[in-house]
Amino acid sequence: MKPRIAVLGCGYWGSNHIRTLKALGALHAVSDANRARAEGFASEQDCLAIEPDRLFERNDIDAIVMALPPQFHADTAVRAVESGKDVLVEKPIALTVADAERAVKAAKDNGRVFMVGHVLRFHPAFETLKALIDNGELGEVRYIHSHRLGLGKFHTENDALWDLAPHDLSMILAITGTEPIEVRGEGAALLDNLSDFAHLHMRFPNGLRSHLFASRLNPYRERRLTVVGTKAMAVFDDVEPWERKLAVYRHAVWQDSGQWAFTANEPAYVPVGEGMPLTRELAHFMQCIETRAEPRTDGEEAIRVLRILTAGTVIHTGSSA
């Protein structure tokens, strides 16, 4: 029997989870502080609408997907796992490392699955890129940079870095297999005292370096992860159509008589099987509930991401910086 899953939080991301879980045959209930919103989704998706405070005592719910404002995630996750529910918590899972550690420890102490919504780890293009790297197709990875730019969304509790960067940090950590030993952040706040533009510069133990640029005040969308290796470079560009999402550039750079020379080759587009990352993420969550396996994006990964976000956050005291 498929696990019976409730979605807590019926906003933008919550509504995506609701529709996807319905398609997967695992949606049992929806819940939101706005009862009318929850009842609307319940009617539309033919499931139960349950008051948030009643959700945790229900024996007919095996797991909860949480898509709340991040300041509520940690306490709610602790309550859920202590009530015997497995959880998938949208990013960021908390606004402090201490709260994240508390939630993850509670899940371990209660033997519950704790998964974080780093959905791009389940993107077929990233999975293919990771396989290329693991197979040595790019050689030794020396540099990774990511750009996640666009207009919006605007939050009162978390800035562009905390809202946009977790996806890219999750992918960077998956590639490097380790945490950075140095993190430096830069930020600019134009609207209020939260960064609308954010840069992270990271250095890893093996000498690999990485930078990340996130913006919520950009006139165009960019969703690009670039990996530079000693044999080739690869670009995962999620704005491109499926047949062009993953490109490998086999450029060559060498010294000739004391001078640098190089060849620039056209990109080779790597075939990627189409698939919705959120569907794959939730299918993985369901499998972990059934098998009790550790999720690919577990609580420890979420804590590592929060450590980097915390180290790279710029505090603005005025209206701009």
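The values are calculated or read from the model by the stated rules, or taken from the named source; none is laboratory data. Model, not experiment: these values are computed from the prediction. We place every Cβ from the backbone using ideal geometry, glycine too, and count neighbours over all the protein chains shown. The protein model used for the area step is the full one, side chains on, heavy atoms only, and it has no ligands, DNA or RNA in it. Shrake-Rupley method; radii C 1.70, N 1.55, O 1.52, S 1.80 Å.
What the table below lists for this structure:
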item: Long-range neighbours under 6 Å by Cβ, at least six apart or interchain, first residue in the same structural domain as M233 (by the TED database) within segment 250-266, second among the aromatic types (F, W, Y); result: V253/F262; A261/W254
item: Count of segment 107-133 residues which are closer than 23 Å to R292 by Cα, in a helix (DSSP H, G or I) and open to solvent by less than 10 Å² (accessible area, probe 1.4 Å); result: 2
item: Residue check for W260: out of contact with any strand residue (DSSP E or B) (no Cβ under 6 Å at 6 or more places or on another chain) and either at positive phi or modelled with pLDDT of 95 or more (or both); result: no
item: Segment 287-315: number of residues that are in contact with a Leu (Cβ under 7 Å, 6 or more places away or on another chain) and not β-branched (V, I, T); result: 4
item: Residue match in segment 45-64 (condition: in contact (Cβ under 8 Å) with a residue 40 or more places away in the chain and acidic (D, E)); result: yes
item: Among residues of segment 275-291, those that are of a type in the set (A, V, I, L, M) and not in a helix (DSSP H, G or I), counted; result: 1
item: So E51, is it charged (D, E, K, R), modelled with pLDDT of 95 or more and under 20 Å from the mean Cα position of the chain (by Cα); result: no
item: Check on P92, within 16 Å of the chain's Cα centre (by Cα), under 27 Å from N218 (Cβ atoms) and modelled with pLDDT of 95 or more; result: no
item: Set V272, V248: member being outside any helix (DSSP H, G or I) and touching a Leu at 6+ places or on another chain (Cβ under 6 Å); result: V272
item: Any hit, segment 144-152, residues being buried (at least 18 other Cβ atoms within 10 Å of the Cβ), at pLDDT 95 or above, hydroxyl-bearing (S, T, Y) and under 18 Å from the mean Cα position of the chain (by Cα); result: yes
item: Condition met for R209 (modelled with pLDDT of 95 or more, open to solvent by 80 Å² or more (accessible area, probe 1.4 Å) and within 24 Å of A160 (Cβ to Cβ)); result: yes
item: In segment 16-38, residue most open to solvent (accessible area, probe 1.4 Å) [restricted to those that are out of contact with any strand residue (DSSP E or B) (no Cβ under 9 Å at 6 or more places or on another chain) and not in a helix (DSSP H, G or I)]; result: A33
item: In segment 281-302, the residues that are in contact with a His (Cβ under 8 Å, 6 or more places away or on another chain) and either open to solvent by 80 Å² or more (accessible area, probe 1.4 Å) or assigned by the TED database to the domain that holds D99 (or both); result: R296
